[in-house]
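A.B. asks: Once you've had a glance at the structure underneath, I'll fire off some questions.
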Amino acid sequence: MSKEFVLKASCDATSGIVATVTSYLAEHDCYIAEMHQFDDEENQRFFMRAVCRIQGTDHSIESIRNGFAEQISAFDMDWNIFDKEEPVKVLLMVSKFDHCLDDLLYRYRKGELPMEITAVVSNHKDLRPMAEREGIRFVHLPVTKDNKAEQEAALLDIMQETQTDLVVLARYMQILSDSLCKQLHGRAINIHHS
């Protein structure tokens, strides 16, 4: 049974958040190995990420998760606790250039990236052989100005079907619509230049 977890949280910026969260974790025998927090001054939002380890035997990740909502109810917080041993479900988006996808697949094979690749989605067919060679589902969603909304809806359907946690734009050469960006808020990263 895993004893390490990551807490991610955000809410309106106000005082007492860090004290409430860290007190709860300490009361439940959690050692905070790493913690980062910051305010988005423009939107008045507070963000926190903490890596924690349960030290005692009286608590589990599930019990910590179950009591957390009540503890922080005054903050109307969006939060989640992730077991560090559970891989993140990741959908990769690519176009024609393969270097970003190749690097991700290499690191995935070596065990450097704790993820489960749910699919590779592309607006071109060029990288289909690379994905399929790894046994990864490849979905071709060609995008034009006339079908962009329909293809973005199809992408969201794939994410829901596969219960994808994170979208990685790995040299995906399409601009996502404002609507899609809002729906992927906090669940997408762009590694285009990596």
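The values are calculated or read from the model by the stated rules, or taken from the named source; none is laboratory data. Please read these numbers as outputs of a predicted model, since none were measured by experiment. Ligands, DNA and RNA are stripped out before the accessible areas are found, and what is left, the full protein with its side chains, is counted by its heavy atoms. Shrake-Rupley method; radii C 1.70, N 1.55, O 1.52, S 1.80 Å.
A.B. asks: Which of rounded, prolate, oblate describes the stretch 134-194, given a ≥ b ≥ c as roots of the alpha-carbon gyration tensor eigenvalues and a/c under 1.5 marking rounded, otherwise prolate only if a/b is larger than b/c?
C.D. replies: Details: a/c = 1.19, a/b = 1.10, b/c = 1.09.
The shape class here is rounded.
A.B. asks: Turning to a different aspect of this structure: For the stretch 79-194, what does the alpha-carbon gyration tensor say about shape, rounded, prolate or oblate, given a ≥ b ≥ c as the root eigenvalues, a/c under 1.5 as rounded, and a/b over b/c as prolate? If you can, show how the numbers build up before the last one.
C.D. replies: On the way: a/c = 1.70, a/b = 1.16, b/c = 1.47.
Oblate, because a/c is 1.5 or more while a/b does not exceed b/c.
A.B. asks: Have a look at the DSSP beta bridges in the chain and tell me what percent are antiparallel, nearest 5.
C.D. replies: Details: 25 of 42 bridges.
DSSP beta bridges in the chain are roughly 60 percent antiparallel.
A.B. asks: Among all lysine pairs in the chain that are eight or more places apart or on different chains, how many have alpha carbons less than 30 angstrom apart?
C.D. replies: Lysine pairs, 8 or more places apart or on different chains, close enough: 25.
A.B. asks: Suppose all protein chains stay in the model; what accessible area per residue would a 1.4 Å probe give for the chain, in Å²? Before the final figure, lay out each step's value.
C.D. replies: Numbers: 11380 Å² over 194 residues.
Ligands and nucleic acids excluded, the figure is 59 Å² per residue.
A.B. asks: May I ask you to give the percent of accessible area on the chain that is carbon plus sulfur, with a probe radius of 1.4 Å? Numbers along the way, then the final one.
C.D. replies: On the way: 5330 of 11380 Å².
Carbon and sulfur: 47 percent of the exposed surface of the chain.
A.B. asks: What does the convex hull of the alpha-carbon atoms of the stretch 1-78 project to on average, in nm²?
C.D. replies: Mean projected area for the stretch 1-78: 4.8 nm², to one decimal.
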